[in-house]
Amino acid sequence: TAFRMSENLKSRFNIGADYYFEDGLYNVYDTWLELERKNTVLRLGNVNSSDYDYPVFGRGGKVSTRFGNSNQIEVLALESNYNLYGTYFQQTEGSTMVGAKYAFGNAKSFNGKVSYIFDHDPRFNVDTQVANAVTSLLINEKHIIRTEVGVSNEKGLLNKDENTGASMGANYEGKIGKWDIQSFNSFATKSYAGIKRGSFFSNQRIGRQFSAAQRAFIQYQ
């Protein structure tokens, strides 16, 4: 449901719940309250977010504010647990996480994003930090270049061991006459703590338009 609390304050509320009659147990999930005033949004309850190169979901709070045409700051704090509350699933202690993200640029030719996550996992006694930066440059309507770089650190609190990792990526999309070119590439070390941990990806595609209804392409992945 959505409703206006005042002239300048809007609200949205979502709830998801299960009740099991035979056992008398219940589960509350995907439940949150959002308050929006001008360009600022506060969300409490179940929280998720993207563009961190790290899984970010759980229960807690998130606030984001926009300024200018394409600038946005987001700050969140949560416990990594899908359930908000309930008795059907055992309420285990999840990771505690804090993070921030800053998106910048303009709506036409350039935009980017930098993000940071700190995750404390009490089950494995590991502190994880992941920083990631992405930039996208539109040279003109026919050429787009996107770059990405990430660094991470994992620290074991029991044995005092550490892992440091990194990731990088470069993408290109362009059109030269009737030719279309796409090149997507990324690499992450085995010790990188982000989503791309230990992966190498390369996708190259060249296509040609012969007519409005005829085209051909060759692709290597």
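The values are calculated or read from the model by the stated rules, or taken from the named source; none is laboratory data. Predicted model, so just to flag it, every value in this text is computed and none were measured. Virtual Cβ from ideal backbone geometry, glycine too; neighbours counted across all protein chains shown. Just the protein is used for accessible areas: all its heavy atoms, side chains included, with ligands, DNA and RNA removed. Shrake-Rupley method; radii C 1.70, N 1.55, O 1.52, S 1.80 Å.
What to note about this one:
Condition check ((1) touching a helix residue (DSSP H, G or I) at 6+ places or on another chain (Cβ under 8 Å); (2) surrounded by 15 or more Cβ atoms within 10 Å (Cβ to Cβ); (3) assigned to a loop (DSSP other than H, G, I, E, B); (4) of a type in the set (Gly, Ala, Ser)) across all residues:
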| residue | (1), (2), (3), (4) |
| --- | --- |
| GLN90 | no, no, yes, no |
| GLU93 | no, no, yes, no |
| ALA103 | no, yes, no, yes |
| GLY112 | no, yes, no, yes |
| TYR116 | no, yes, no, no |
| PHE124 | no, no, yes, no |
| THR128 | no, yes, no, no |
| ALA131 | no, yes, no, yes |
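- Failed item, numbered, when GLY156 is tested on (1) within 29 Å of SER70 (Cβ to Cβ); (2) open to solvent by less than 50 Å² (accessible area, probe 1.4 Å): (1)
- So TYR54, is it part of a loop (DSSP other than H, G, I, E, B) and either at pLDDT 95 or above or surrounded by 15 or more Cβ atoms within 10 Å (Cβ to Cβ) (or both): yes
- Among the residues listed as ASN39, ASN81, the single one being under 29 Å from ALA2 (Cα atoms), modelled with pLDDT under 95 and surrounded by fewer than 17 Cβ atoms within 10 Å (Cβ to Cβ): ASN39
- Pairs with Cβ under 6 Å, 6+ apart, first in region 184-206 and on the phi < 0 side of the Ramachandran plot, second aromatic (Phe, Trp, Tyr) and open to solvent by less than 40 Å² (accessible area, probe 1.4 Å): GLY194/TYR54
- Hits in region 153-165 - residues which are touching a residue at least 24 places away in the same chain (Cβ under 8 Å) and farther than 15 Å from SER95 by Cβ: ASN153, LEU158, ASN163, THR164, GLY165
- Residues that are closer than 16 Å to VAL149 by Cα, surrounded by 13 or more Cβ atoms within 10 Å (Cβ to Cβ) and not small (Gly, Ala, Ser), drawn from region 160-205: THR164, MET168, ASN171, TYR172, PHE184, ASN185, PHE187, THR189, TYR192, ILE195, LYS196, ARG197
- Residue in region 66-87 that is of a type in the set (A, V, I, L, M, F, W, C), touching a residue at least 12 places away in the same chain (Cβ under 8 Å) and not in a strand (DSSP E or B) present: no
- Verdict on GLN72 being among the polar types (S, T, N, Q), more than 23 Å from THR164 (Cα to Cα) and open to solvent by less than 70 Å² (accessible area, probe 1.4 Å): yes
- Strands (runs of 3 or more DSSP E) within region 2-42 that include 3 or more residues among the aliphatic types (A, V, I, L, M) and closer than 30 Å to ILE73 by Cα: 25-37
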